[in-house]
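Take a look at the structure below.
The values are calculated or read from the model by the stated rules, or taken from the named source; none is laboratory data. All figures in this text were calculated on a predicted structure; none of them were measured in a lab. For neighbour counting, all protein chains shown are included, and Cβ atoms are generated from backbone atoms with ideal geometry for every residue, glycine included. Just so you know, the surface numbers come from the protein's heavy atoms only, side chains and all, with ligands and any DNA or RNA stripped out. Shrake-Rupley method; radii C 1.70, N 1.55, O 1.52, S 1.80 Å.
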Amino acid sequence: MRVLIVGSGGREHAIAAKLVRSPMVSELLCAPGNGGTAAIARNVAVNAEDVAAVVALAKAEKIDFVFVGPEAPLVLGLVDALAEAGILAFGPRREAARMEGSKVWSKRFMHAHGIPTAASETFSDADAAEKFVRASGKPWVVKADGLAAGKGVIVAADVAETLDAIDRLMRKREFGAAGADVVLEERLFGQEVSYHVVLDGERFVPLAAAQDHKRLQDGDVGPNTGGMGAYSPPPVVTAAVERKILERVVEPTVRGFREDGVDFRGTLFVGLMIDGGEPRVLEYNVRFGDPETEVLMARYGGDVLPLFLGSARGDLRGVTPRWETPAALCVVLAAPGYPGTVKKGLPIHGLDAAARVPGVQVLHAGTRRDGEHVTTSGGRVLCVTASGASIDAVAASAYEAVDQIQFEGMQLRRDIGHHARSHATHKA
Ligand code: AMP
Ligand code: GLY
């Protein structure tokens, strides 16, 4: 089977590293891929968000199956366009991708189907939103309706910051049309958890729980990022909590899809806040998380292709993930300036030494390969992933490998997994 992976992050390298070992895969291509996928697959310089170009590539290369990594092409209708060309693809169609593509739509869905989430109000008029905030006398989480490359959510600390966020999104249009409508949401507290389920339009298969670390710096402070590291399993998701996630969130969501006539195939990644053992939904994503995928793939036993194929074909019967490796943890190495404007083209040293640490896989995100030389080409540069017997053990190997790697201005957190580690630099 000829397989094409769309995307260029650590998530796509993790998926490629699994699929390249599948006995069903005869050739693996990535569009556009990165310096890591270049070593195990054939990178083709096609932009993931250029739907027509991806379809043309898939046709020209006689691709049998496409795995779509990021949300933007899904929201743009890449899976619909591939289906029209007769090419099977993993991921939701445009209509179902609205679960991530529109916060207004997904909040309406949650409220309509009784799914626990923060109280919220939607506004399409900046004056009305400001009036509401002033009258409430308290800060709100301000969310742009549309996709904003993970930057459209502002967790305001006070009323002034809330008003400023409304101004930036709705009047200054910092994220363009994405800020035409905003959701104002009550702030939730607790521990964030990433819960992924794969759907086939009818059934769902839950994956292992994971925890990301959104803030840039140790101790969960600093600006929000796309994720500075992740691990699985997180102890906050006890068996009782997982049961609640399934019964109160996942099952009603899948029932809601059925009632609303939404044929959801692909990954539904539910971002949850767990407080006192009670899960509430922060957001839905319609694709795998990054860096959550890195740890999920590190733990997944055997071939993952049947899971993706079953979802795309509408028949996940008989697919049961085996979490063969008990624990996995990954540490993101980010470029100087991240999550703002970053410096690119910096040489990276020590990759081979890092990869020699037992149980460690150095996954690439924003990198470029030129022969033997690898340089930085994005914000999140590498994702050093370790798998093993316990969170303490995998944290030790991940950081041992991290310490072999150098590039100018490298940023990282030293406390990934702190909720689960016995000797982290920070304990929350
Ligand atoms: P979202 O894209 O909606 O998940 O928001 C991005 C990040 O903002 C989340 O991962 C949380 O860290 C934070 N966040 C979003 N909504 C809330 C909320 N209601 N309360 C507290 N933090 C939130
Ligand atoms: N790691 C969070 C995300 O992929 O949205």
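Some notes on this structure:
- Cα centroid separation, the range 141-173 to the range 230-271 (Å): 27
- HN-Hα J in Hz across the range 170-182 - Karplus 6.51, -1.76, 1.60, θ = phi - 60°, x for Gly and Pro: 8, 9, 6, 6, 4, 10, x, 5, 4, x, 4, 10, 10
- Expected 222 nm ellipticity per residue - DSSP helices of 4 or more, -39500 (n - 2.57), all of the chain, to 500: -7500 deg cm²/dmol
- Quick note on the range 1-116: its Rg to Rh ratio, both from C-alpha atoms and Rh being the Kirkwood radius, is 1.04.
- Inter-centroid distance (Cα atoms) of the range 377-422 relative to the range 64-136, Å: 32
- Listed residue pairs exceeding 27 Å between alpha carbons, taken from 214/343; 103/172; 107/131; 18/107; 131/244; 59/107: 18/107; 131/244; 59/107
- Residue 370 - accessible surface, heavy atoms, 1.4 Å probe, Å² rounded to 10: 110
- Heavy-atom surface of the range 325-409, accessible at 1.4 Å and reported per residue (Å²): 41
- Only protein heavy atoms count here; on that basis, with a 1.4 Å probe, residue 323 has an accessible area of about 70 Å².
- Debye-sum result for the range 221-294 in log10 I(q)/I(0), which assumes one identical scatterer on each alpha carbon, at q = 0.11, 0.18 Å⁻¹: -0.33, -0.87
- Per residue, the convex hull spanned by the alpha carbons of the range 278-355 comes to 207 Å³.
- The range 1-121 - percent relative contact order, Cα under 8 Å, separation 6 or more: 21
- Rounded to the nearest 20 debye, dipole of the chain from Cβ charges on Lys, Arg, Asp, Glu: 260
- The largest-to-smallest principal axis extents of the Cα set in the chain are 60, 50, 43 Å.
- Surface composition of the chain: carbon and sulfur atoms hold 49% of the protein heavy-atom accessible area at a 1.4 Å probe.
- Whole-number percent relative contact order across the chain, with pairs defined as alpha carbons under 8 Å at least 6 apart: 16
- Mean Cβ count within 10 Å, highest first, over the residues of peptides 285-298, 397-410: 285-298, 397-410
- Candidate aspartates and glutamates for bridging to residue 62, where Cα separation is under 12 Å - those fewer than 8 sequence places away on the same chain excluded: 27
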